[in-house]
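Please read the structure below before turning to the comments.
Readers should treat all values here as calculations from the given coordinates under stated rules, not as data from a laboratory. All values reported here derive from a predicted model rather than from experimental measurement. Note: ideal-geometry Cβ built from the backbone for every residue, glycine included; neighbour counts use all protein chains shown.
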């Protein structure tokens, strides 16, 4: 390549990087994709429960830690659970839950997949009947659970077992996804960058690829159950 050809190409690249003169300014606010007119806590709770039911998920509203523990244990019993894959219980908003599960002689696996025992950990986790987690937030208009992963709160618990049980506080229900993202932005970009990844679960796993018939549980949990603890 001659010097003149190189300068010609670089000149075109530099020109392409210049701002378009007719580009509109960034809007100060955006229209939301989904709408929730009433944003009171009870209205958000009702909308979330309606949406998750329409997705073939289940929700249970409880008062306080004792009722939340009882509901978790009832679901584990219903699923004949002998082993769970769970987040660190510091990230699940129910006091005394870990002790109650151990007292029921249910094995708890909290996967650490960044060491030399990764294969053994995953093999043990595959035998779990239930994944037990908290969540970062829940969106009312779509029935979505929002997660950011990090130490003690990995993705395996949300995708590997056939049943996913999530426990959240009522105050974690936001109107829509945009409201959650706006809340994250108030913490600054550094706080966002510290999160390993973002994932969203909207009801049980489903696919319509097989003869256009809706099948649940093909690529992840076939059951999603959310326990909502009133604040």
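A few notes on this one:
- Ranked packing of 81-91, 39-49, 158-168, most packed first, by mean Cβ within 10 Å: 158-168, 81-91, 39-49
- Report note on the peptides 99-105, 126-132, 151-157: ranked by the mean count of other C-beta atoms within 10 Å, highest first, their order is 126-132, 151-157, 99-105.
- 0 to 90° range, to nearest 10: angle between helix 41-54 axis and the chain longest Cα axis: 90
- Anisotropy class of segment 34-230 from Cα gyration tensor, a/c 1.5 cut: rounded
- Annotation for residue 190 and residue 91: the two label points, set 7 Å from Cα along the Cα-Cβ direction, are 2.2 nm apart.
- Based on Cα atoms of segment 127-217, Rg over Rh with Rh as the Kirkwood radius reads 1.01.
- Fluctuation leader among 36, 194, 170 - the chain, Gaussian network, Cα springs under 10 angstrom: 194
- Share antiparallel - DSSP beta bridges, segment 34-230, percent rounded to 5: 30
- Per-residue Cβ neighbour rank within 10 angstrom, fewest leading, 219, 79: 219, 79
- The GNM of the chain, with springs linking C-alpha atoms under 10 angstrom apart, assigns the highest mean-square fluctuation among 108, 215, 201 to 215.
- 54, 4 arranged by Cβ crowding within 10 Å, fewest neighbours leading: 4, 54
- Rounded tilt (10° steps) of 177-186 against the dominant C-alpha axis of the chain: 70
- Paramagnetic reach from residue 46 (point 7 Å along Cα→Cβ, amide N under 16 Å) across segment 167-196: 175
- The modelled label-to-label distance between residue 219 and residue 31, using points 7 Å beyond Cα along the C-beta direction, is 2.9 nm.
- The packing ranking, built from the mean of other Cβ atoms within 10 Å per residue, places the peptides 184-190, 72-78 in the order 72-78, 184-190, highest first.
- Applying D = kT/(6 pi eta Rh) to segment 64-142, where Rh is the Kirkwood radius over alpha-carbon pairs, T corresponds to 10 °C and eta to 1.306 mPa s, the Stokes-Einstein value obtained is 116 µm²/s.
- Once you reduce segment 79-111 and segment 127-196 to the center of their Cα atoms, the two points are 18 Å from each other.
- Segment 9-107 shape via C-alpha gyration tensor axes, a/c threshold 1.5: prolate
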